[in-house]
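Everything on this sheet refers to the single structure shown next.
The values are calculated or read from the model by the stated rules, or taken from the named source; none is laboratory data. Please read all numbers here as calculations on a predicted model, not as lab measurements. Neighbour counts are summed over all protein chains in view; Cβ atoms, including those assigned to glycine, are modelled from backbone coordinates with ideal geometry. When the accessible area is computed, the model is the full protein with side chains, heavy atoms only, and any ligands, DNA or RNA have been set aside. Shrake-Rupley method; radii C 1.70, N 1.55, O 1.52, S 1.80 Å.
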Amino acid sequence: MTIQTIRAGYPDFVVLRSLDDLDAYEDAVDAFARGGGQRELMAALFALGIPASQVRAVAAYPGCCLPGMCVE
């Protein structure tokens, strides 16, 4: 199964490649919730390959995030 196939089946989840990516996602969301910049959050999430619609959803609500899963 590809990441795109999993994303299609679970549109409300952030699907990442590895546990390291999942940790990086959680770290970026936590940093944003503690007052970090939206630009840094968005750059970190785009670097992880998270789709723009999900990046916007996470950026709209500091401290909240979509549930994440990895395919590793």
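Being more than 17 Å from Gln4 (Cβ to Cβ) and surrounded by 13 or more Cβ atoms within 10 Å (Cβ to Cβ) is the filter here, so list the residues in the range 62-72 that pass it.
Result: Pro62, Cys65.
Could you please let me know if Ala59 is at pLDDT 95 or above, surrounded by 13 or more Cβ atoms within 10 Å (Cβ to Cβ) and part of a helix (DSSP H, G or I)?
No; evaluated as a whole, the condition is false for this residue.
Starting from residues that are without any contact (Cβ under 8 Å) to a residue 12 or more places away in the chain and farther than 11 Å from Cys70 by Cα, keep the ones in the range 3-26 and report whichever is least open to solvent (accessible area, probe 1.4 Å).
Gly9
I'd like the residue in the range 43-56 that is in a loop (DSSP other than H, G, I, E, B) and free of Cβ contacts under 8 Å to residues at least 40 places away in the same chain and, out of all such residues, is surrounded by the most Cβ atoms within 10 Å (Cβ to Cβ).
Restricting to residues being in a loop (DSSP other than H, G, I, E, B) and free of Cβ contacts under 8 Å to residues at least 40 places away in the same chain, the top hit is Ile50.
Taking into account only those residues within the range 33-42 that are hydrophobic (A, V, I, L, M, F, W, C) and open to solvent by 30 Å² or more (accessible area, probe 1.4 Å), which is nearest to Met69 (Cα to Cα)?
It comes out as Met42.
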